[in-house]
Amino acid sequence: MSTEPIGFRFERNAAVTTVVLDHGRVNIVDPELIESLIEHLPTVLDDPSVRCIVIRGKDRIFVGGANLKVMRQLDPDTYRAMRRWVVVQRLLELAPKPVIAALNGHALGGGAELALACDLRILHAEATFGFPETGLGIFPGAGGSQRLPRLIGPHRAKRLIVDATRLSADEALREGLVDLVAGDDFDEVVTREARRLADGPTATIGLVKSAIDRGWGLPIDDAMAVEEAHVLANIGLRDASEGIQAFLDKRPARFEGR
């Protein structure tokens, strides 16, 4: 039976839905938050009227990482329960619409892992980004050790993880870990980018995400077959017809996300 969300809330503004994490003093990740997100995220991921999703933390806190009081129970069951954080990430990664990580505070450990699963990462100028786990004798085992090397290459990923490097916002931008850095205008930048994406051909964006995700790592001929299937799905969308006609009519396109 469905329950109310625990540890977060949805805020709707036109076609943009923001997932605001609000779990304890610093938004610690624990099984309660993880299972609540797994249960409730699909309601916005599958809603065609939601054309962009923003995930952020309350106030100036993004995610405080994993709950170490739980993690100190060094047994497989505990770690499997905590590792379901990868299910949350995969839900966002596979969303058929753009997802923005609004990193309004430090994105470390589990917070950085969550951010890497999103399509656009905006980091506050006073926040940091990194994987400090090796300082505790563990490593980022909920997606971080796999997504990070896919983003910046295996050698650089090893260095950042092994050295428990905590990057400033500008350093994270230079490394390609985030796409934008914003200071006092952080909220305005997030709103602008969310509206821009929501106004776009969001169903096409979903197909782009899927084509890249499914084709990545395949032999080129297999990858081309994946691309062809997505192209054929794309030409059946109303937005494809609208976009081409708008160009021919020399007018702005009015996309509907379908």
For the subset of segment 195-237 comprising residues that are small (Gly, Ala, Ser) and touching a Leu at 6+ places or on another chain (Cβ under 8 Å), which member is surrounded by the most Cβ atoms within 10 Å (Cβ to Cβ)? Ala203
Taking Glu4 and the conditions (1) part of a loop (DSSP other than H, G, I, E, B); (2) surrounded by 17 or more Cβ atoms within 10 Å (Cβ to Cβ), which numbered condition does it fall short on, given that it satisfies the others? (2)
Can you tell me which residue within segment 151-186, out of those that are free of Cβ contacts under 8 Å to residues at least 12 places away in the same chain and closer than 24 Å to Val86 by Cβ, is surrounded by the most Cβ atoms within 10 Å (Cβ to Cβ)? Lys158
Here is a check on your reading of the model: is Val63 touching a residue at least 40 places away in the same chain (Cβ under 8 Å), assigned by TED's automatic domain parsing to the domain that holds Val29 and touching a Cys at 6+ places or on another chain (Cβ under 6 Å)? no
Anything in segment 104-120 that is in contact with a helix residue (DSSP H, G or I) (Cβ under 7 Å, 6 or more places away or on another chain) and either over 19 Å from Ala198 (Cα atoms) or not assigned by TED's automatic domain parsing to the domain that holds Asp30 (or both)? List them, or say none. Asn104, Ala107, Gly109, Gly110, Ala112, Glu113, Leu114, Leu116
If I filter segment 78-105 down to residues being of a type in the set (A, V, I, L, M) and assigned to a helix (DSSP H, G or I), which single residue comes out as surrounded by the most Cβ atoms within 10 Å (Cβ to Cβ)? Val88
Looking only at segment 59-77, and only at residues there that are over 20 Å from the mean Cα position of the chain (by Cα) and outside any helix (DSSP H, G or I), the one that is modelled with the highest pLDDT: Asp75
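The values are calculated or read from the model by the stated rules, or taken from the named source; none is laboratory data. Since this is a predicted model, take the numbers as computed values, not measurements. A quick note on method: Cβ atoms are made from the backbone with ideal geometry, for glycine too, and the neighbour counts reach across all protein chains shown.
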